[in-house]
Amino acid sequence: MTDVTGETRTVVKERQLKHPPGKVWRALTQKHLIEEWLMACDFKAEPGHEFELQASWGRVSCKVLAAEPQKILSYSWKSQGLESVVTWTLKKTETGTLLRMEQTGFGQDQEQAFRGATTGWNVFLDRLNQVLSSQD
């Protein structure tokens, strides 16, 4: 799902996961788990903490903007001319957790980054689900 608003665009992905919010939160915030599904990092779930994500294609400079355990995690995402914000929202459901990822801030001239994020987040979320399932 994508949303076009004004001058910037947003990538939104939602997944219904069979895992409780606490388990999903750990996968979103514990360094060793993040590295299994996203990228190598030096993450801490503390507002103001600056960290980097590292992949074969380059680095992403980030800063934690909000961290409310089992509810919301938000951080800036700066890489290759893109300055955006990634926000994770967790909502407890009868069967587990509804996880919503929203990346905002894609300029109209950043089509490659927008398309890359649209596809890339699907891959990352599939990996996240695999990490969660492997911990059962």
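In the set (1) in contact with a Leu (Cβ under 8 Å, 6 or more places away or on another chain); (2) assigned to a strand (DSSP E or B); (3) within 24 Å of E7 (Cα to Cα), the condition left unmet by L99 is number (3). Any idea which residue in segment 11-37 is nearest to V85 (Cα to Cα), counting only those that are among the polar types (S, T, N, Q) and without any contact (Cβ under 8 Å) to a residue 60 or more places away in the chain? The extreme case among them is T29.
Of all the listed residues (K44, K78, K91, K63), the sole one being in a loop (DSSP other than H, G, I, E, B) and either over 22 Å from R15 (Cβ atoms) or basic (K, R) (or both) is K44. Selection of segment 56-80 for residues being surrounded by 15 or more Cβ atoms within 10 Å (Cβ to Cβ), of a type in the set (G, A, S) and modelled with pLDDT of 95 or more yields A67, S74, S76. Scanning segment 72-109 for residues that are in contact (Cβ under 8 Å) with a residue 60 or more places away in the chain, within 25 Å of R59 (Cβ to Cβ) and of a type in the set (S, T, Y) gives a single hit, T104.
I'd like the residue in segment 81-110 that is charged (D, E, K, R) and at pLDDT 95 or above and, out of all such residues, is surrounded by the fewest Cβ atoms within 10 Å (Cβ to Cβ). Quick ask: steps written out before the conclusion?
Going through segment 81-110, the residues charged (D, E, K, R) turn out to be 83, 91-92, 94, 100, 102, 109.
Pick out the ones that are also at pLDDT 95 or above and you get 83, 91-92, 94, 100, 102.
On the way: E83: 13, K91: 14, K92: 14, E94: 4, R100: 16, E102: 19.
In this case the residue turns out to be E94.
The values are calculated or read from the model by the stated rules, or taken from the named source; none is laboratory data. This structure is a prediction, so every number in the text was calculated from the model and none was measured. Counting neighbours? That spans all protein chains shown, and the Cβs are built from the backbone with ideal geometry, glycine included.
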